[in-house]
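S.K.: Please find one structure pasted underneath; my questions will follow.
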Amino acid sequence: MNNFLLSVYNKIIEQSKKNFFFNDLLIPDDFNFRLEIFQLNLIFILWYIKNSNLKKKYIESIISFFIKDLESLLREAGESDASVPRKIRKLVENFYGRLNSYSLEFDTLLDGDLKKIEKCLKKNFIFENINYSSFSKYILLNINYFSKLKSSDFEDLKFDFCSNK
C-alpha cells in the first residue's frame, strides 16, 4: 500500500481508538466492539472515495490492507494457522455486509432521518447500554462532513473525523 493510503488507514485507526466511543457513546471497550468501530470509520472513508472523483482503486487497496491487518491480528491473538482462513472469511463476509448496508444508509442519510441508521447500529452493535441516539448523530456529522470534503483536502490528508455529539 502506498504511503498516502497507509496514512489514511492510520487516521482511521486513530479515530477508532478515541475515548469518545467508550466514554460518551458507552460502547464496551473490547476487541469485537473496537473492530465494529474501526469498520464503521473505514466505511466512511470507502463511502467518501466511492462518491468522490478519487481513484476507485484506493477502495480495493484499503480493503486489501484491512484484510491483511485482520489476519495479522488473529495470528497475534494466538489463533492457529489452520483456523485463521476460516475466521478471516467470516470477518470479511460480515464486513462486506456492513459495507453494503451502511453505504446504502449513508446515501440516504443526508436528509437527517436517523431512524434507519440507528436500526443498523443496533443490529451490529448489540449492547443495550450504548447511546444509539448520539452514535447516530456521530454518523450524521461524519456523512455531512465527508459529503462536502474536497478531494484535494482528502488527498493532502487535511481531513479528520467528527467526534462531537
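S.K.: Sort the following peptides by mean Cβ neighbour count (other Cβ atoms within 10 Å, averaged over residues), highest first: 54-61, 131-138, 81-88.
M.R.: By packing density, highest mean first, the sequence is 131-138, 54-61, 81-88.
S.K.: Roughly how many whole Å is it from the C-alpha centroid of the range 112-165 to that of the range 36-93?
M.R.: 19
S.K.: Taking every alpha carbon pair in the range 98-143, what does the distance histogram look like in 10 angstrom bins from 0, in percent?
M.R.: Each 10 Å bin holds this share of Cα pairs: 28, 61, 11.
S.K.: Between E76 and S147, how many nm apart are label points set 7 Å from Cα along the C-beta direction?
M.R.: Taking the two extended label points, one gets 3.6 nm.
S.K.: Let me ask another. Can you tell me which of 71-80, 42-51 comes out highest on packing, and rank the rest after it, using the mean Cβ neighbours within 10 Å?
M.R.: 42-51, 71-80
S.K.: Computing the accessible area with a 1.4 Å probe over protein heavy atoms, can you report the carbon and sulfur percentage for the chain?
M.R.: On the chain, the fraction of accessible area on carbon and sulfur atoms equals 50 percent.
S.K.: So what's the projected area for the chain, the Cα convex hull averaged over all directions, in nm²?
M.R.: If you wrap the Cα atoms of the chain in a convex hull and average its projections, you get 9.5 nm².
S.K.: Also, quick follow-up: Arranged from highest to lowest average of other beta-carbon atoms within 10 Å per residue, in what order do the peptides 6-17, 148-159 appear?
M.R.: On the way: 6-17: 16.1, 148-159: 12.2.
Descending mean neighbour count gives 6-17, 148-159.
S.K.: Right, here's the next one. Could you give the DSSP H helices of the chain that reach 15 angstrom or more along their long axis (alpha carbon positions) and whose average Kyte-Doolittle hydropathy is no lower than -0.5? Before the final figure, lay out the partial values.
M.R.: On the way: long enough: 3-16 (20 Å, 0.20); 31-51 (30 Å, 0.78); 57-76 (29 Å, 0.25); 84-109 (36 Å, -0.46); 132-148 (24 Å, 0.02).
Helices passing the filter in the chain: 3-16, 31-51, 57-76, 84-109, 132-148.
S.K.: Next up: Work out how much length D156 to D69 would gain on full extension: take 0.36 nm times their residue separation and subtract the Cα-Cα distance, in nm to one decimal.
M.R.: 28.9 nm
S.K.: Moving on to the next point. What number do you get for the range 45-139 when its Cα radius of gyration is normalised by 2.2 N^0.38 Å, N = residues?
M.R.: 1.28
S.K.: As a quick test, which of the pairs K57/K148; K18/K148; K56/K148; K55/K122; K17/K137 have an alpha carbon distance above 28 angstrom in this structure?
M.R.: As for pairs spanning more than 28 Å Cα to Cα, those are K55/K122.
S.K.: Hey, another quick one. Using only the Cα atoms of the range 1-55, what do you get for the radius of gyration and for Dmax, in Å?
M.R.: According to the Cα coordinates of the range 1-55, Rg and Dmax are 12.6, 36 Å.
The values are calculated or read from the model by the stated rules, or taken from the named source; none is laboratory data. For clarity, every value in this text was computed on a predicted model and none was experimentally measured. Cβ coordinates were reconstructed from backbone atoms using ideal geometry, including for glycine residues, and neighbour counts include every protein chain displayed. Heads up: the accessible areas ignore ligands, DNA and RNA and are worked out on the full protein's heavy atoms, side chains in. Shrake-Rupley method; radii C 1.70, N 1.55, O 1.52, S 1.80 Å.
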